[in-house]
């Protein structure tokens with residue numbers, strides 16, 4: 001089997017989401033996805049990484065990951081390059097599973113469970129306005145989630161008060177005000193529902209320490225990114241100030257960045273986003289690394305139906321997965337318009353995909369939408385080396401002469 005074409009699709013309705021399809025001469029098409037700066041990711045796929053895969057055997061997933069990563073690492077990996085690699089890696093695993101007629105989780109060790117608990121990140125889309133309603137009727141939102149079997153939720157109460165000073169100034173009165181929804185839920189429901197706090201990296205360390213101390217009595221599931229994950233020592237200092245676990249972080253890319261936080265003790269809950277950190281291949285390695293330190297992982301989801309499928313394969317195959325993020329406003333709002341079949345959430349659990357490969361397909365009509373941008377690549381590049389090659393390698397005839405000697 002050979003890869004014949006790389007196709008990317010993005011739509012104006014959701015401009016930061018990009019899908020990639022890897023086509024083969026066997027008629028099998030693999031699907032991947034990533035999020036954020038989609039036009040930059042598109043360029044990375046078609047200008048750099050896609051041509052490395054054309055005419056290659058898609059089954060050699062790890063070899064392809066290493067080839068793409070070496071090209072990215074040559075100039076300092078991260079950003080759009082890793083998001084592009086992540087999407088391509090998911091699509092390669094999808095091809096392999098379809099070819100072998102097995103779900104991806106069967107190819108990475110088999111199931112350790114058949115479902116995983118989810119928590120609901122409070123979003124807003126269509127008729128579901130969890131992100132607004134939590135301020136109007138927090139107890140009602142919590143009861144509604146419990147009625148669906150969802151026993152955990154995530155809120156970002158301190159984001160609003162960080163904006164005016166870029167997280168450099170914190171007033172106690174403002175903090176007390178934005179914590180009211182959580183206090184109301186605790187007063188009405190006790191510990192019936194778990195609550196996580198996401199700070200989106202908006203605070204400096206002294207203010208983050210004040211926040212975790214003031215929120216200690218609320219007995220949260222975790223604090224996530226109160227400070228940006230630029231410094232593992234700062235996160236370690238933050239963790240030492242609270243009994244609540246510190247979760248880090250969807251912004252870390254590859255096992256190499258996660259390693260520093262895991263080994264230093266700066267993180268108690270590891271939160272990779274596989275559409276950013278290196279795909280299924282690298283997220284599995286991160287899970288294994290975390291398990292050697294007896295730490296759980298809680299995969300991150302940043303709005304995209306394909307990520308939920310890919311994460312489901314990690315969730316059911318890796319034994320140290322704690323819980324999976326879910327955004328019901330998005331899942332029930334627009335995901336099903338783009339993929340078929342949809343992933344299943346039953347009584348608060350994300351179920352293991354049942355079909356071979358990833359378990360879903362991008363609907364063919366998406367490429368024909370009036371707001372769709374579609375790009376193809378079908379030419380190969382034999383080496384991962386860039387134009388720098390001609391300056392660091394001798395001419396071809398001289399290389400042949402040297403090898404003969």
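The angle separating the long axis of helix 305-317 from the principal Cα axis of greatest extent in the chain is about 90 degrees. Annotation: peptides 342-355, 39-52, 275-288, ranked by per-residue average of other Cβ atoms within 10 Å with the highest first, follow the order 275-288, 39-52, 342-355. Look at the alpha carbon pairs under 8 Å that are at least 6 residues apart: their mean separation over the length of region 169-308 gives a relative contact order of 17 percent.
For region 84-126, the percent of C-alpha pairs falling in each 10 Å distance bin, counted from 0 to the bin holding the largest distance, reads 21, 31, 34, 13. Length gained on full extension, residue 159 to residue 132: 8.3 nm, using 0.36 nm per residue less the C-alpha separation. Computed over the chain with a Gaussian network model linking Cα atoms closer than 10 Å, the most mobile of 190, 201, 30 is 190. Angle of helix 205-214 to the longest C-alpha principal axis of the chain, folded into 0 to 90 degrees and rounded to 10: 50°. Between residue 113 and residue 347, the modelled label-to-label distance comes to 1.4 nm, taking each label 7 Å out from Cα in the direction of the beta carbon. Pop the C-beta distance of residue 192 and residue 47 into the FRET formula with R0 = 51 Å and round what comes out to the nearest 0.05. For residue 192 and residue 47, the calculated efficiency is 0.50.
Extension gain for residue 240 to residue 26 (0.36 nm times residue separation, less C-alpha to C-alpha distance): 71.6 nm. In this rough spin-label picture, where each label sits 7 Å from Cα along the Cβ direction, the residue 183-residue 73 distance is 5.1 nm. Rg/Rh for region 106-353 stands at 0.95; both radii use Cα atoms, and Rh follows the Kirkwood definition. Note down the relative contact order for region 106-353 as a percent, whole number, built from C-alpha pairs under 8 angstrom at least six residues apart. Normalised by residue count, the contact order of region 106-353 is 24 percent. Using R0 = 25 Å, the C-beta based FRET efficiency linking residue 143 and residue 336 works out to 0.45. Axis angle, to the nearest 10 degrees, between helix 279-292 and the longest C-alpha principal axis of the chain: 60 degrees.
Using equal-weight Cα scatterers in the Debye expression, the normalised intensity of region 58-156 in log10 at q = 0.18, 0.25 Å⁻¹ is -0.88, -1.16. For region 251-329 versus region 11-49, the spacing of their alpha-carbon centroids is 21 Å.
Per the Debye calculation on region 59-105 with a single equal scatterer at every Cα and no solvent contribution, log₁₀ I(q)/I(0) for q = 0.25, 0.28 Å⁻¹ amounts to -0.85, -0.97. Only helices enter this figure: runs of n ≥ 4 DSSP H residues, each worth -39500 (n - 2.57), summed and divided by the residues of the chain, yield -11500 deg cm²/dmol at 222 nm to the nearest 500.
Where a number appears in this text, it was derived from the coordinates with a stated rule and is not lab data. It should be emphasised that the depicted structure is a prediction, and the values quoted were computed from it without experimental measurement. With ideal geometry, Cβ positions are generated from the backbone for all residues, glycine too; neighbour counts draw on all protein chains shown.
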